[in-house]
Amino acid sequence: MIINEKLFPDYDPRKRWKERDDGMHVFAVALYSVMKQENYNERSEVFRDFLIRIINEGKLTPGGVEEIYNRFYEGWVDPEE
């Protein structure tokens, strides 16, 4: 589980990134998504090692980052709209 999700159970990263920066944090969305898929921190992997590993595994390729970003917001509707 990502730190903000532990501290703030109602944390909605989609809403935060869309409202705060109009979607500018494309890499943050991709990294967050991969961290969730990989269950980051379950094995106490050092972040630096994690980042190097997922890059070497091709999980954050230039075209792949955009694809992950689009999937992240696919079908999402802001509950307050």
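I need the full set of residues from region 25-52 which are outside any helix (DSSP H, G or I), touching a residue at least 24 places away in the same chain (Cβ under 8 Å) and within 13 Å of residue 14 (Cα to Cα), in order please. Steps first, please.
Filtering region 25-52 down to residues outside any helix (DSSP H, G or I) leaves 25, 38-46.
Restricting the remaining residues to those that are touching a residue at least 24 places away in the same chain (Cβ under 8 Å) gives 40-41.
Hits for region 25-52: nothing passes.
Scanning region 38-50 for residues that are at pLDDT below 95 and either hydroxyl-bearing (Ser, Thr, Tyr) or surrounded by fewer than 16 Cβ atoms within 10 Å (Cβ to Cβ) (or both) returns 39, 40, 41, 42, 43, 44, 45, 46, 47.
Filter region 3-37 down to the residues that are touching a helix residue (DSSP H, G or I) at 6+ places or on another chain (Cβ under 6 Å) and aliphatic (A, V, I, L, M), then identify the one that is modelled with the lowest pLDDT. Going through the qualifying residues, I end up with 26.
The values are calculated or read from the model by the stated rules, or taken from the named source; none is laboratory data. Predicted model, so just to flag it, every value in this text is computed and none were measured. Every residue, glycine as well, gets a Cβ built from its backbone with ideal geometry; the counts of neighbours run over all protein chains shown.
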